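The values are calculated or read from the model by the stated rules, or taken from the named source; none is laboratory data. This one's a predicted model, so the numbers in the text were calculated from it and none came from an experiment. Cβ: placed from backbone, ideal geometry, glycine included. Neighbour counts: every protein chain shown.
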Amino acid sequence: MPVINRIAAFHDDLTAWRRDLHEHPELGFQEHRTAAVVAEKLREFGVDEIVTGIAQTGVVGVIRGRLPGGAIGMRADMDALPILEDTGLDYASKTPGVMHACGHDGHTTMLLGAARYLAETRNFAGTVYVIFQPAEEGQAGGRVMVEEGLFERFPMDMVFGMHNWPQLPEGQFVWRHGPIMAACASIDITITGRGAHAAMPHNGIDPIVVAAHIVTALQSIVSRNVEPADSGVVTIGHISGGDAHNVIPQTVHMKGTARWFSPKVGDQLEDGVRRIATGIAGSFGAQASIDYRRTYIATVNDPAATDLAAIAARAVAGDARVKHMEKPTMGGEDFSFMLAAKQGSYIMLGGARGPDDAQVHHPKYDFNDAILPVGASYWATLAEQLLPAG
Ligand code: NI
């Protein structure tokens, strides 16, 4: 694979950094060690300025080229997930219940590799901002960085993001114009009925029966309210209520998620969840309290920036390994908030070792170290192509 030779030469360093981060995972906004490691490495590389503490644990490195020019941002995420690792690797998480199960250890390492190369070679005109953000997994660290003035403090023309994708062949990039990842909402519904002896249901209002009707009826939002050519998801992922064979409980709690792309569908899903939960609970004489929180907006790629990203990817991986992504995924991503504020693009880098690889967010998932120089070379190439030194 034609990665940048200088980067390929320090592949072993990249692997060691990635495995060190993997051993020491930290949850969102608690990436204190990770941020310290990142800042220390950027200092070692001779990066011109290092700003820490943006969005609590975020770090931005400023690298100036050998000539003046424009500016671009390249972003990696640093946080881990609340998952108990089950890989059995010698560099497995040393913190039980916390795991780099989405490859953000790899993302951080690939951007560090690019920073090392760019600080050493300076073969570009202008400024590269390497952005290490906290709390991508559900806590919107990317949004917090934007709110804390990321783009005012570090003025840039475009911003780029990348995610490893273990479903795609190792070293293959995919790009997409427009929406690439979905908008999300978290749903919490509490059904309050009236507890009773299970053998005397006429004395109670059974919230389990109510919950069952709600779960079934929620399926009609996507199938009957959303226009068939549009995309939407409503999933209930958790139900809890009751403790015994012979007791009708007082309450049932449900948790779920909604996903969509168009604002119209976003409203239809929220309206539908509220209408169905409230209406069905009421029809049984129970009550539904609904906490519906829209968390991430859709990740929407600018076509011109995406074409530039694809050109850089082709220079690294070759034409045959850079493909158009036919459909967006319904996963969520808080790089969406950066793309809503700044022209840019988010692409995927394949990391499959074989067909049986665990997927991201799985306790057996492990980032594929073979793609570290590929991702780092992509970042470095993007900087040199977008900010040409002549
Ligand atoms: Ni991720």
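The set of residues in the stretch 242-252 being surrounded by fewer than 17 Cβ atoms within 10 Å (Cβ to Cβ) and assigned to a strand (DSSP E or B) consists of VAL247 alone. Of the residues ALA39, ALA76, ALA16, which is within 23 Å of MET162 (Cβ to Cβ), in a strand (DSSP E or B) and assigned by TED's automatic domain parsing to the domain that holds MET158? Result of the check over ALA39, ALA76, ALA16: ALA76.
Residue count for the stretch 39-59 satisfying the condition of being touching a helix residue (DSSP H, G or I) at 6+ places or on another chain (Cβ under 7 Å), among the polar types (S, T, N, Q) and buried (at least 17 other Cβ atoms within 10 Å of the Cβ): 1.
This table checks each residue for (1) in contact with an Asp or Glu (Cβ under 8 Å, 6 or more places away or on another chain); (2) assigned by TED's automatic domain parsing to the domain that holds GLY351; (3) at negative phi.
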| position | (1), (2), (3) |
| --- | --- |
| MET254 | yes, no, yes |
| THR257 | no, no, yes |
| GLY266 | no, no, yes |
| GLU270 | no, no, yes |
| TYR292 | yes, no, yes |
| ALA305 | no, yes, yes |
| ALA313 | no, yes, yes |
| VAL316 | no, yes, yes |
| MET325 | no, yes, yes |
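Among what's in the stretch 89-109 and is of a type outside the set (Val, Ile, Thr) and touching a strand residue (DSSP E or B) at 6+ places or on another chain (Cβ under 7 Å), pick the residue that is farthest from the ligand (Cβ to nearest atom). Only one residue tops the list, namely SER93. Checking the stretch 130-147 against the condition returns a match, with at least one residue being part of a strand (DSSP E or B) and away from the ligand (no atom under 16 Å from the Cβ). Considering ILE221, ILE214, ILE239, the condition of being part of a helix (DSSP H, G or I), touching a strand residue (DSSP E or B) at 6+ places or on another chain (Cβ under 8 Å), free of Cβ contacts under 8 Å to residues at least 60 places away in the same chain and outside the structural domain of ALA317 (by TED's automatic domain parsing) is satisfied by ILE221 alone.
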